[in-house]
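The values are calculated or read from the model by the stated rules, or taken from the named source; none is laboratory data. Predicted model only: the values in this text are computed from it and were never measured. All Cβ positions, even for glycine, are placed from backbone atoms using ideal geometry, and neighbour counts span all protein chains on display. Heavy atoms of the whole protein, side chains included, go into the accessibility calculation; ligands, DNA and RNA do not. Shrake-Rupley method; radii C 1.70, N 1.55, O 1.52, S 1.80 Å.
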Amino acid sequence: MNVIKNWLRQNLKGDPVLWGIVILFSLISIAVVYSATGTLAYKQKAGNTEYFLLKHTGLIFVGLAFMWLAHRIDYRYYSRLSLYALLVSVPLLLFTFFMGSNINEASRWLTIPVINQTFQPSDLAKLALIAHVASMLSRRQQHVQDFKTTLLPVMLWVGLICGIIILSNASTALLLFGTCLLLMFIGRVPLKQMAVMVAIGAVVGGVGLATGQRMKTVISRIENFTDKSKPVPFQLEHSYIAIATGGVTGKGPGNSTERNILPHPYSDFIFAIIIEEYGLAGGAFVLFLYLAFLYRGLLTVVNSYGAFGGLLAAGLTFSLVLQAMVNMGVAVGLGPITGLPLPLLSMGGTSLIFTGISIGIILAVSRGEREIRPMVGEPADTARIPKVSAYA
């Protein structure tokens with residue numbers, strides 16, 4: 001037993017509670033995805049109902065491996081890597097928009113040769129942009145009110161990445177833009193400059209929607225949500241049925257009926273399947289886990305001694321939790337349908353890997369700067385801000 005404890009202590013650094021939360025999410029995801037894909041696997045894979053279970057479980061382990069690797073790296077290296085990742089993301093996003101696989105009238109995916117696995121460049125761009133915005137704000141804490149040196153470079157990168165993403169994926173672009181605004185608020189950017197950012201973002205977003213692929217879809221979904229005279233969309237109707245029939249304790253694991261009718265029960269509407277099988281108690285437990293994840297992420301921000309570490313952890317934590325809240329809100333009718341998966345629970349491909357990397361970076365920050373010696377050529381007090389600024 002002591003050997004196991006020593007191995008865990010040496011190899012699993014960072015917040016142990018955060019590790020526990022991620023492992024719990026992984027176990028829940030395997031169980032729910034297995035149930036939600038049973039019928040699909042039976043029809044598509046000639047009765048092999050374990051096909052998607054094995055594939056999803058394998059991807060979860062790959063994601064956990066990337067999380068482990070990411071948390072072993074000095075998080076300050078991500079400040080340098082973020083710029084290179086952004087420079088790679090821009091041509092990838094453009095190539096995907098013009099030449100990528102078109103699924104459901106949106107070009108968001110590239111197919112990786114040999115392994116035949118789809119890949120969304122927006123996952124890479126999202127991670128890179130959050131890290132780079134955190135890096136830019138941390139380096140400009142002494143000039144945070146200067147438009148030219150602070151807001152302009154942030155505005156250019158956020159506008160460019162979100163503007164390209166919104167051409168084919170409006171919900172991801174809006175969520176990423178909101179996360180960047182939160183980062184700017186935490187990074188003490190004046191509200192007047194943030195208002196300018198919002199105004200420019202509205203213009204760029206409007207142009208991107210008008211010239212992109214999702215304008216009609218976005219308008220239709222907003223109208224369906226706001227106009228109560230229109231019939232409830234098919235997906236939402238069966239999501240309501242799943243939630244209503246689940247009751248307090250649910251029908252039990254594997255006993256969902258709406259998984260056979262509901263579109264994408266293993267991805268966009270997996271929360272409805274969770275409530276149908278595990279009841280409101282199960283849905284509340286999942287919500288609690290996300291709130292616990294948010295709390296531990298913000299605790300990492302508070303305990304960070306450097307501005308970059310705190311902003312990086314805050315941006316990645318908010319990105320994951322906000323997406324989860326939007327997905328769960330859609331499932332219960334609190335917002336228009338978005339098509340965003342539920343992070344850490346939905347079946348996915350490379351998105352699980354980038355989620356693992358994001359959490360690994362948060363864990364790297366939670367290790368604390370006391371464990372990390374100053375990097376060569378870096379001032380000892382580079383970009384430090386008072387802890388209170390995390391909430392200012």
Next item on the list: State, in angstrom, two size descriptors of the chain derived from its alpha carbons: Rg to one decimal place and Dmax to the nearest whole number.
Entry: 21.2, 64
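Suppose every K and R has +1 on its Cβ and every D and E has -1 on its Cβ; what is the size of the dipole of the stretch 31-89 about the Cα centre, in Debye to the nearest 20?
Numbers: 6 positive and 2 negative charges, 18 e Å.
For the stretch 31-89, the charge dipole is close to 80 debye.
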Item checked: Amide H contacts of T118 (H built 1.01 Å from N, under 5 Å, at least 5 apart or other chain) -> I112
Next item on the list: May I ask you to order 33-40, 78-85 by the average number of other C-beta atoms within 10 Å around their residues, highest value first?
Entry: 33-40, 78-85
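Quick one: compute the contact order of the chain, relative version, from alpha carbon pairs under 8 angstrom and 6+ residues apart, as a percent.
Details: 582 pairs, mean separation 102.2, N = 392.
Value for the chain: 26 percent.
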Item checked: Within-14-Å neighbourhood charge of V32 [Cβ basis; K, R +1; D, E -1] -> -2
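Please work out how much length the chain gains when fully extended from S229 to I30, using 0.36 nm per residue of separation minus the C-alpha to C-alpha distance, in nm with one decimal. Don't skip to the end; give the middle numbers.
Working: separation 199, 0.36 × 199 = 71.64 nm, distance 3.89 nm.
Taking S229 through I30 to full extension adds about 67.8 nm, to one decimal.
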Margin query: Could you put F98, F234, F308, F318 in order of accessible surface area, largest first, with the 1.4 Å probe and the full protein assembly present?
Written below: F98, F234, F318, F308
Check: Leaving out ligands, DNA and RNA but keeping every protein chain, what accessible area does V248 have, in Å² rounded to the nearest 10, with a 1.4 Å probe?
Finding: 100
Check: If R0 is 45 Å, what FRET efficiency do you get for L280 and L12 from their C-beta distance, rounded to 0.05?
Finding: 0.85
Check: Which angle from 0 to 90°, rounded to the nearest 10, does the C-alpha axis of helix 215-226 make with the longest principal axis of the chain?
Finding: 70
Note to self: Per residue of the stretch 207-214, what does 6.51 cos²θ - 1.76 cosθ + 1.60 with θ = phi - 60° give for ³J(HN,Hα)? Whole Hz please, x for Gly and Pro, Karplus curve as stated.
What the structure shows: 5, x, 5, 5, 9, x, 9, 10
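Could you order the peptides 297-304, 21-28 from most to least packed, using the average number of other C-beta atoms within 10 Å per residue? Could the numbers behind the result be given before it?
Values: 297-304: 20.1, 21-28: 17.1.
Taking the mean over residues of other Cβ atoms within 10 Å, the ranking is 297-304, 21-28.
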Notebook entry, point to check: Going highest first, how would you order 324-336, 216-228, 62-74, 143-155 by mean Cβ packing within 10 Å?
Noted result: 324-336, 62-74, 143-155, 216-228
Next item on the list: Please state the charge dipole magnitude for the chain, taken about the Cα centre, from unit charges on C-beta atoms (+1 on K and R, -1 on D and E), reported in debye and rounded to the nearest 20.
Entry: 700
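P190: net charge of surrounding residues, Cβ under 13 Å, Lys/Arg +1, Asp/Glu -1, itself excluded? Display every interim value, and only then the final one.
Details: positive: R140, R188, K192; negative: D146.
Residues near P190 contribute +2 overall.
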Margin query: What are the ³J(HN,Hα) couplings of the stretch 258-268, residue after residue, when phi is run through the Karplus curve with 6.51, -1.76, 1.60 and θ = phi - 60°? Round to Hz, x for glycine and proline.
Written below: 6, 4, 7, 10, 5, x, 6, x, 9, 9, 4
Notebook entry, point to check: In degrees between 0 and 90, to the nearest 10, how far off the longest principal axis of the chain does helix 16-36 point, with axes built from Cα atoms?
Noted result: 30
Notebook entry, point to check: Pairing the Cα long axis of helix 350-366 with the longest principal axis of the chain, what angle in degrees results, from 0 to 90 and rounded to the nearest 10?
Noted result: 40
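With n ≥ 4 as the cut-off for DSSP H runs, can you work out [θ] at 222 nm for the chain, using -39500 (n - 2.57) per run divided by the number of residues, rounded to the nearest 500?
Details: 14 runs with 254 residues, N = 392.
When only DSSP H runs of four or more count, the value is -22000 deg cm²/dmol.
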